[in-house]
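Undergrad: The structure follows.
The values are calculated or read from the model by the stated rules, or taken from the named source; none is laboratory data. What you are looking at is a predicted structure, and each value in this text was computed from that prediction instead of being measured. Glycine gets a Cβ as well: all are built from the backbone with ideal geometry, and neighbour counts include every protein chain shown. The protein model used for the area step is the full one, side chains on, heavy atoms only, and it has no ligands, DNA or RNA in it. Shrake-Rupley method; radii C 1.70, N 1.55, O 1.52, S 1.80 Å.
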Amino acid sequence: MGRINTLLLLIFILCTSITSLQGQTPLRGKVIDTSGIAISQVNLLLFQNDKIIGYTSSDLEGSFALRIPSSGEYILKATSLGYSAYKKDLSITAIETLPIEISLIPETTSLDEVVLNVEKNIEVRNDTLIFKADAFKRKSQIVLEDLLKNIPGIQVGDSGNITFQGKAISKIKIDNDDLFGQGYKILSKNLNSEVVDKIEILQNYNDSKILKQVQKNDEVAINLTLKDDRKSSLFGNVDAGVSLQSRYKIKSNTISLLNRNKAYLFQDLNNIGDEIADNIDGILSPSSKNRLYNFGPNANATFFIDVDRVRPTLDDRISNRNNAQFLSLADIYTFSKDLKVTVNGVLTYDKKRYNQEEFTTFLVENPFTLEESYDIQQKDNLAAGKIALDYNRNNDEIHFDALYYIGNQRINNNLIQNEINIREHLKNNASVFQLQGNYTRSIDSNKAIVLTSKYKKDSKPQEYNISSNIFGDFVTDNETVLGIGAQSKEVSEFTGVQAAFVINTEKSNYELVLGLDRQSQQLISGINSVNTAGEEQASDAIFNNNFTLENKQTYAGLRASYNLDKVDIQFSIDASFKKTTQKDNANSTTQHFFQINPFLKVDLTPIKNHKFETVLAINQNTASLGNLYTGYILRNYRAFIQGNANNDIINTFRSSLKYTYGNWTDRFTASAIADYSNTKNFYSVDALLSPQFNTVTATSGQKSEQFKAEVHTDYFLKFMKTNLKLNGQFLRNNYNDIINNQERSVTSNQLGYGFSLRSDFNSIFNYNLGVNWIKTAFDIGTFNNSVTNNKMFLDIDLNINDKFNMYFKNEKYFFGNLPRDSNFYFSSIEADYDIIPKTLRAHGRIHNLFDSDSFNISSLTGVSTFTSQTQLIGRYVMLGLDYRF
């Protein structure tokens with residue numbers, strides 16, 4: 001079977017190569033100046049019918065090469081900083097090699113102006129890259145996320161996270177207004193790509209116009225400029241689909257972009273697996289990622305009790321059996337040129353169903369296996385609101401935001417474990433209230449001060465019940481017990497203030513930071529039993545917690561950066577004095593800690609396109625509440641976990657080396673990184689594993705090590721008009737633990753590697769093909785085990801004509817240690833037809849073509865081997881209409 005798959009893959013690549021080569025004319029040439037000297041890094045673009053069909057840059061000798069798909073009329077354009085733009089009409093009538101010489105005329109150009117401007121299809125303005133959307137859009141790309149995949153340098157991950165040249169995009173703005181903060185996925189996954197005029201990549205982005213002038217920042221954001229005809233009217237779309245198998249999806253976007261008021265209303269109802277609620281985390285995050293505004297710990301409370309459920313890492317539309325309702329409103333009102341108010345509101349409801357069969361073998365001295373059958377029903381509700389005020393005038397900026405959200409979750413599980421019937425019921429509630437204010441003042445063109453304050457309160461109460469006592473006399477010796485109940489509630493409260501002074505010079509940048517904060521975390525938990533008479537009985541004190549951890553911290557920091565021609569140096573040192581108080585029932589302990597965290601980063605660019613980056617850092621911190629509480633908490637139906645009251649400084653040393661070749665304009669780019677970290681006073685576990693239940697206690701004073709390495713390459717194969725990506729990752733972890741009274745030294749290794757090919761044909765046919773392998777291995781002295789899993793995918797895009805296109809998505813999974821049925825195949829077919837161009841579109845989908853009703857996965861841990869079978873969304877045929885207004 002493996003040889004057949006490899007043979008088919010080779011035949012497919014060969015066929016596409018031949019297809020792409022047929023009719024292509026090589027266009028080669030050289031770029032020189034008026035004195036005949038070669039010019040490198042000249043940007044050359046080939047146009048046909050106002051669309052870019054080829055792009056390259058000249059090498060060190062001024063040479064370049066492009067391929068012309070077929071005979072016809074073309075336009076070749078060349079631009080470079082310091083030279084007048086070049087344009088030449090080409091009439092290709094025969095298949096031949098066409099040498100061409102381009103002579104550029106020197107021209108004085110201000111660095112503040114456009115350095116690459118080819119009829120505004122690609123434009124560079126200082127640290128902003130501007131792309132004309134229509135030049136990169138394909139017919140089948142309906143939403144913004146699809147369009148962004150075609151922009152040079154941009155990568156869109158499977159989860160929707162967007163990066164540019166490896167740096168995470170922090171936000172996506174519309175006409176320079178930030179509607180969603182860090183929650184840009186609502187926009188990128190739903191905004192119709194046809195309304196976008198330009199895509200601006202904002203490098204060295206800063207939320208503050210004042211800090212933009214004085215602070216060194218490597219943040220990246222995107223700004224969308226919409227087409228003029230969309231700016232003065234209400235527009236959007238309604239997309240609805242239904243199937244005979246009771247599947248449906250109804251989605252709408254309503255957008256208004258008036259001069260003083262911008263509003264975006266988004267609604268989604270579906271039971272086809274689309275997980276919209278995951279996209280709101282960024283909306284509820286701080287408005288800015290800038291380190292001078294976003295300070296202090298995350299200050300989040302924790303849900304300690306959970307019901308086990310493992311959803312395969314498949315496309316949501318295959319594995320997520322949901323019934324979701326989602327409503328989001330974002331609105332910015334401009335009161336004056338100085339004052340803006342932003343309002344965000346979110347309402348969500350979701351009902352999920354999980355059906356799983358799990359087989360877990362615990363690899364201890366006397367191995368045992370658990371067979372578990374889960375039937376889980378889960379309901380989630382959330383309501384959130386956020387308001388932000390921005391006031392900017394002359395040398396002053398004020399930002400204030402307030403956030404409040406409440407949510408609840410109900411989980412019922414009918415569980416069968418080794419033929420024992422067990423019923424679980426869990427209630428989770430959550431509420432968060434947060435206030436933050438920032439004041440930024442420009443002292444002069446090179447100096448600024450920043451004052452920030454923050455308050456946050458997070459509460460997470462839980463109630464849990466299990467229908468039978470499977471713990472013997474561990475919890476209670478009452479033989480009439482019918483069930484066990486557990487409660488947990490953590491409340492976290494944080495208050496902090498911070499002041500910063502920023503100085504900028506021509507070659508250096510400095511930040512001096514002073515601050516103090518207080519965080520209080522309280523955990524209350526307990527276990528009780530219910531007998532046949534309905535009477536509740538409290539358990540022993542070992543199962544109760546009334547634990548408070550309070551940290552009061554005063555800190556100071558110096559951050560500096562230097563630009564020394566080909567070397568950039570960033571250095572920081574943060575020092576803090578922390579007073580920690582632990583209260584456990586009637587006992588109280590106070591400790592004082594002094595922490596120093598130095599950081600050094602050196603960027604070296606010895607020659608153009610070759611960049612080296614090295615980092616050395618030490619991080620010191622004290623233990624979290626989750627490692628310190630002393631009473632057992634029933635974390636799931638068969639695990640009791642307790643912390644360790646010993647609080648000490650956790651020391652982590654990290655070093656890394658990264659090499660990068662090329663940039664977004666190059667045919668070939670590559671990166672490699674090696675990263676090593678070493679942690680002392682690491683919290684490990686002392687666990688007793690048995691067929692009835694497990695007990696786990698945190699143990700301090702341990703040591704752990706981690707080493708990881710990654711290699712990525714990206715090369716455009718001109719002869720195939722295809723992008724080839726190669727990737728490899730290696731991860732090693734070393735740590736110690738105690739399992740069933742046996743001290744162990746554990747080494748885990750994970751090796752991943754693969755490739756992908758993505759075509760860029762100027763024809764009806766395009767493909768995206770890839771293969772990835774992951775090998776996981778554990779070495780625990782007397783025990784060694786490993787497993788290799790594999791994923792293959794092939795996506796085919798057919799643009800039949802201007803109105804009709806089809807899309808085929810195919811995936812194959814292989815799990816190395818499944819006893820049978822190791823291969824799983826998933827395919828879907830989608831089609832779109834424009835009934836009225838830009839107004840009404842019909843679409844259809846055949847989901848799960850092979851009607852795979854379940855999916856088996858296998859994995860390996862340091863204590864067990866695990867396999868599961870999960871019920872999936874079956875085959876259905878959906879038809880729908882998308883109306884754009």
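Undergrad: Given only helices, namely DSSP H runs of n ≥ 4 each adding -39500 (n - 2.57), what is the per-residue ellipticity at 222 nm of the chain, to the nearest 500 deg cm²/dmol?
TA: -1000 deg cm²/dmol
Undergrad: Nearest 20 debye, what's the magnitude of the dipole of the chain about its Cα centre given +1 on Lys and Arg Cβ and -1 on Asp and Glu Cβ?
TA: 1440
Undergrad: Under 17 Å from a point placed 7 Å out from the Cα of PHE571 along the Cα-to-Cβ direction: which residues of the stretch 536-562 have their backbone N that close?
TA: 557-562
Undergrad: Per-residue counts of other Cβ atoms within 10 Å, averaged by peptide: what ranking do you get for 752-758, 258-264, 826-832, highest first?
TA: 826-832, 752-758, 258-264
Undergrad: Determine the order of SER442, SER336, SER745, SER188 by accessible area, beginning with the largest, at a probe radius of 1.4 Å.
TA: Correct descending sequence by accessible area is SER745, SER336, SER442, SER188.
Undergrad: Another question, then. Could you work out, for the stretch 642-780, what percent of all Cα-Cα pairs fall into each 10 Å distance bin, beginning at 0 Å and stopping at the bin that holds the largest distance?
TA: The percentages, shortest bin first, are 10, 26, 24, 18, 13, 8, 1.
Undergrad: Separate question: How large is ³J(HN,Hα), in whole Hz, for each residue of the stretch 634-647 in order, when computed from phi with the Karplus curve 6.51 cos²θ - 1.76 cosθ + 1.60 and θ = phi - 60°, using x for Gly and Pro?
TA: 6, 7, 7, 5, 9, 9, 10, 10, 9, x, 9, 5, 7, 9
Undergrad: Can you give the Rg to Rh ratio of the stretch 122-231, both from alpha-carbon atoms, with Rh computed by the Kirkwood formula?
TA: Looking at the stretch 122-231, the ratio lands at 0.94.
Undergrad: How far is it, in nm, from the label point at ALA383 to the one at TRP773 when both lie 7 Å from their Cα along the line to the Cβ?
TA: 5.4
Undergrad: Also, I was wondering about something else. How far, in nm, would the chain grow between ASP473 and THR581 when pulled straight, counting 0.36 nm per residue and subtracting the alpha carbon separation?
TA: So the chain would gain 35.4 nm between ASP473 and THR581.
Undergrad: Next question, about the same structure. So what's the stretch 726-824 giving for Cα Rg divided by 2.2 N^0.38 Å, two decimals?
TA: Working it through for the stretch 726-824, the quotient is 1.63.
Undergrad: Hey, another quick one. Give me the extension gain from THR695 to SER822: residue separation times 0.36 nm, minus the current Cα-Cα distance, reported in nm with one decimal.
TA: Extending this stretch completely gives an extra 42.4 nm.
Undergrad: From the residues ASN279, ILE222, MET806, which one has its Cα farthest along the dipole of the chain in the positive direction, the dipole being from +1 and -1 charges on Cβ of Lys/Arg and Asp/Glu about the Cα centre?
TA: Farthest towards the positive end: ILE222.
Undergrad: Take GLU506 and GLU365, extend 7 Å from each Cα along the Cα→Cβ direction, and tell me the distance between the two endpoints in nm.
TA: For the pair GLU506/GLU365, the computed spacing is 7.3 nm.
Undergrad: While we're looking at this one, here's another question. Using a Förster distance of 25 angstrom, determine the FRET efficiency expected from the C-beta separation of ILE443 and VAL497, and round it to 0.05.
TA: For R0 = 25 Å, the calculated efficiency reads 0.80.
Undergrad: Less than 26 Å apart at the alpha-carbon level, and either on another chain or at least 8 residues along: which lysines does that give for LYS351?
TA: Excluding near neighbours in sequence, the set is LYS185, LYS189, LYS249, LYS251, LYS379, LYS386, LYS427, LYS460, LYS489.
Undergrad: Using only Cα atoms, find the angle between the long axis of helix 2-21 and the longest principal axis of the chain, and express it within 0 to 90 degrees, rounded to the nearest 10.
TA: 30
Undergrad: Then there is this: Taking the simple approach of a point 7 Å from Cα along Cα-to-Cβ for both GLU536 and TYR562, what is their distance in nm?
TA: Each label point lies 7 Å from its Cα, and together they span 6.5 nm.
Undergrad: Rounded to whole Å, give me the distance from the Cα center of the stretch 297-355 to that of the stretch 485-510.
TA: 24
Undergrad: Shifting gears a bit: Calculated FRET efficiency, TYR883 and ASP146, Cβ-Cβ r, R0 25 Å, to nearest 0.05?
TA: Once rounded, the FRET efficiency stands at 0.80.
Undergrad: Hey, what does the equivalent ellipsoid look like for the chain, semi-axes from the Cα gyration tensor as sqrt of 5 times each eigenvalue, largest first, whole Å?
TA: Output for the chain: semi-axes of 49, 35, 29 Å.
Undergrad: Using a Förster distance of 22 Å, how high is the FRET efficiency between ARG393 and ASN294, based on the Cβ-Cβ distance and rounded to 0.05?
TA: 0.40
Undergrad: Now for a separate question. Work out how much length ASP127 to ALA240 would gain on full extension: take 0.36 nm times their residue separation and subtract the Cα-Cα distance, in nm to one decimal.
TA: Extra length available between ASP127 and ALA240 comes to 36.6 nm.
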